[in-house]
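What follows is a short report on a single structure.
The values are calculated or read from the model by the stated rules, or taken from the named source; none is laboratory data. Everything numeric here is computed off the predicted structure, so don't read it as measured data. No Cβ is skipped: glycine too gets one built from the backbone with ideal geometry, and neighbour counts run over all protein chains shown.
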Amino acid sequence: MIESCLSLVGIYNDLIGLSYKKFAAKFNIGSNSYPNIISETKNLTLTKIVQVLSKSRAEINCQRLINCLVKVYQPAHNSDNDSSSSSAESLEIYHTLTKHITPPTSTMSRNTVDKRRDAFIVNKKLKMKQAQSLIELKNEHNKRLNDLVTTQNSDAEVPYLSLLTNEYTLEHIFNSEDNINSILQSEEMYIEILLDTVAHMSPNLLGTNGVKKLKNGRIQASKKAAHKVTEYYQNILWGDVGSCLEHIVLWWSHYPLAMRSPNTSQNLREWLFATFNVNNTPELILSSLRILADALGCHVTSTSWDKYFGATLTTNLQLTTLKVNPEISLYITESTESGANFALMLQALVTLNNQCEVTWDYILGAPLEDLPIVEQIPILHRLDHSIHTYRLWCLAETRRLANLWEMRDFFRIAHNDMQACMEQLINLRFADHTTTIESGKIGEHENVCAKMREKLVSEVKVNIQKLKATTDEIIQVLSSVCATTSLAHLTMIFPSNAEWRLVTRPPQTINSIYVHEFLNTMLLPVIMATQDITTLNMVLRLMCESWLHHIYVAKVKFTKDAAMQLLHDFNEVRNWLSDCKQLATAARKQMLQNEVLRRCEGVGRLLLHAPGDLISMQDSTMQSAQQVRKEVTENDTPEQLMPAEMYVPNQKQWLTLRAKKMKGPIAFTLCCIVLS
């Protein structure tokens, strides 16, 4: 078949040359139906023939190169339902590939590799002679073939024309011991067959110095021409193989990876990165594997992101353990379902992005031209959108939960989920290519992609900073809701002015009913949800400030007995904190030392005095010391013994809430004064 093709090429080129010689005016035949023939006619060159041959060989070599990968993903071996099978899948990939692909070890020197390569070529040519003997049996009735076979005595005399027509026989021999070098060398054999055929039938295709005549009279391609054609063929071939690999692995096999979990494709991609490098794999094969790895990365980017992002569209605050995915966080063991989905999504995107920051040859400082920037751009788009979406979800959901005062779910989102997601973003790696871009020494396409990458990287960094600031926004929302909710509860449960006037001091003062109700409603849910001391102190401070604010705004008038009852209510907060079993020891100690408790006590003591009374600081200090005696330790600061009244600003305004005792003569005198 190749002989016929070369004969047609020769006739076509002769006719083209004849038309230019015989006719001074160039002409073309045009047609509206076939506009391509309007273009200038050109000779068919060996380059075009090599391109056609490489495309015809691309799919065959794809099947040979990834046959072992297809066998790995049999449904009987792995299950997509369990994400923990990723390690098992990676192990199966390793065992299967090392069985079928056996590249030289990385410790070998280049000289040793070259020697083994030469020995392999000799061995392959011997196998070609064995293939020729098989062809003899199949073509024993062909007299011309028998004449050629009977005269062969050397490698150069192998009947390449007949071998080329029996391609499938050769494929059977080559496929019996497939490895990286065998695949590469078998293609070198094919191009040698083509060169030998061209040298005999169409030497003009090789150029003026493209052929040479041996001593035995045989014509073959020159070393320079053979090297040039072979190199061009291999580059075109393995580029086509790389482009075809994605379709075969993901779609065209019996059990394509596209039907399996994205984790399977990711495991294969990571295995390719970890196993093959310039020290143990020929550059031509490595280029195809790079294309496959990039294609797998694009597939994983789209499918895994769709999977995880779709899961986050529905809020699920059910508690889930992170033991199933222990790599998510080193510090927390549980989160909400939605938080875990966001963390997994960010983890997948961060992993894919970091893999785009390295090459097969560089871990750090990889040249910009070698990086898969085109594959990285959609990853950065999705990462930017995911961080922004997670931040908005956190703000909206925590605000909703704060308004409902669902503190357990609130702090799972604000603390656990946020911690898990931030741990993923800490692992992000971005190389700075500003110097390379500004130098202008890269191509136009690389320059456009690099600038797009820099823009997306800056947006990702901005969104990460906004996410970090989200914690403060959430705390501000909590503080605002806490103050408002506390005032709302106090409005409903705090005794009225009339009730306070009826208070008489019993023999043994007990706290009012509303105190425990207030603490159990507002503070206890926070204590059960978090042990963060800063947050607990903030909630306690806001509750007490709301308490004082409600008393002052309501203009409640306290008799001395009522003021004594209010002071006892304030002091009951300390007793409640001391008896709270859910509160950690360190948090309890800090909360008992909160200044707002002293301010409340100071308000209670101020109301024990009528306006104009002299307040003894010594007596107040002694009483305060007795009240906090249980909490006093050797490390207490002198401020703790400062009178409680000193913590109260605007003392005169608080004294106006003291009810005056209206006795008979005084009331009559005032009445007379008013009437007169």
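Go through the stretch 548-589 and give me each residue that's among the polar types (S, T, N, Q) and crowded, with 21+ Cβ neighbours inside 10 Å.
If the condition is that a residue be among the polar types (S, T, N, Q) and crowded, with 21+ Cβ neighbours inside 10 Å, then Gln565 is the only one that fits.
Would you pick out the residues in the stretch 271-286 that are under 20 Å from Cys244 (Cα atoms) and either crowded, with 18+ Cβ neighbours inside 10 Å or touching a Pro at 6+ places or on another chain (Cβ under 7 Å) (or both)?
Answer for the stretch 271-286, where residues must be under 20 Å from Cys244 (Cα atoms) and either crowded, with 18+ Cβ neighbours inside 10 Å or touching a Pro at 6+ places or on another chain (Cβ under 7 Å) (or both): Trp271, Leu272, Phe276, Thr281, Pro282, Leu284, Ile285, Leu286.
Which members of the stretch 212-234 meet the condition of being surrounded by 15 or more Cβ atoms within 10 Å (Cβ to Cβ) and in a helix (DSSP H, G or I)?
Ala225, Ala226, Lys228, Val229, Thr230, Tyr232, Tyr233, Gln234
Hey, among Leu524, Leu519, Leu542, which residue is assigned by TED's automatic domain parsing to the domain that holds Thr656 and within 13 Å of Cys600 (Cα to Cα)?
Leu542
If we scan the stretch 299-316, do we find a residue that is charged (D, E, K, R), assigned to a helix (DSSP H, G or I) and outside the structural domain of His385 (by TED's automatic domain parsing)?
Scanning the stretch 299-316, I find at least one residue that is charged (D, E, K, R), assigned to a helix (DSSP H, G or I) and outside the structural domain of His385 (by TED's automatic domain parsing), so the answer is yes.
Can you name the number of the only condition in (1) in contact (Cβ under 8 Å) with a residue 24 or more places away in the chain; (2) under 30 Å from Val477 (Cβ atoms) that Asn354 fails?
Among (1) in contact (Cβ under 8 Å) with a residue 24 or more places away in the chain; (2) under 30 Å from Val477 (Cβ atoms), the lone unmet condition for Asn354 is (2).
Residues of the stretch 244-288 being in contact (Cβ under 8 Å) with a residue 60 or more places away in the chain and within 21 Å of Glu188 (Cβ to Cβ), which ones?
Cys244, Leu245, Phe276, Val278, Asn280, Thr281, Pro282, Leu284, Ile285, Leu286, Ser288
For the stretch 469-484, give me each residue that is surrounded by 13 or more Cβ atoms within 10 Å (Cβ to Cβ) and not polar (S, T, N, Q).
Glu473, Ile474, Ile475, Val477, Leu478, Val481, Cys482, Ala483
If Pro256 passes every condition in (1) closer than 29 Å to Ile236 by Cα; (2) outside the structural domain of Asn235 (by TED's automatic domain parsing) but one, which one does it miss?
Failed condition: (2).
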